[in-house]
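The values are calculated or read from the model by the stated rules, or taken from the named source; none is laboratory data. None of the values given here were measured: they were computed from a predicted structure. All Cβ positions, even for glycine, are placed from backbone atoms using ideal geometry, and neighbour counts span all protein chains on display.
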Amino acid sequence: MKDLAKEAGVSTSTLRRRLAIDGGFRHARERTLAQSAVRRLRDSDDSVEAIAAELGYSDARSLRRFLKNTTGSTPSQIRVGSFFPREDDGGVRRRLQTLGAMMGA
């Protein structure tokens, strides 16, 4: 948390406060991972296995299960375009993008 706050140019308490608004670090991390996975599935022909490894999952099955639980769609559904994410307000989206950039996602 300390390193993330330093990279963002804010204090640790400010980062915690901002994350708490969005449901906490774990929720923000999960949303960022889901967004990264969806973007990779839509924008590349990489295998689910390769995307899972890049995002830090132990195997493709774990990523598939995570996506189904968080988005309601499988990687195949996401790839063929039958996945329509819920819209967030712009502030939440910007904070998640910043967090994703800080995490290297």
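A compact table of results
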{"quantity": "Conditions (1) in a loop (DSSP other than H, G, I, E, B); (2) over 14 Å from the mean Cα position of the chain (by Cα); number of the one not met by residue 7", "calculated": "(1)"}
{"quantity": "Residue in segment 1-21 that is modelled with pLDDT under 80 and either of a type in the set (D, E, K, R) or surrounded by 15 or more Cβ atoms within 10 Å (Cβ to Cβ) (or both) present", "calculated": "yes"}
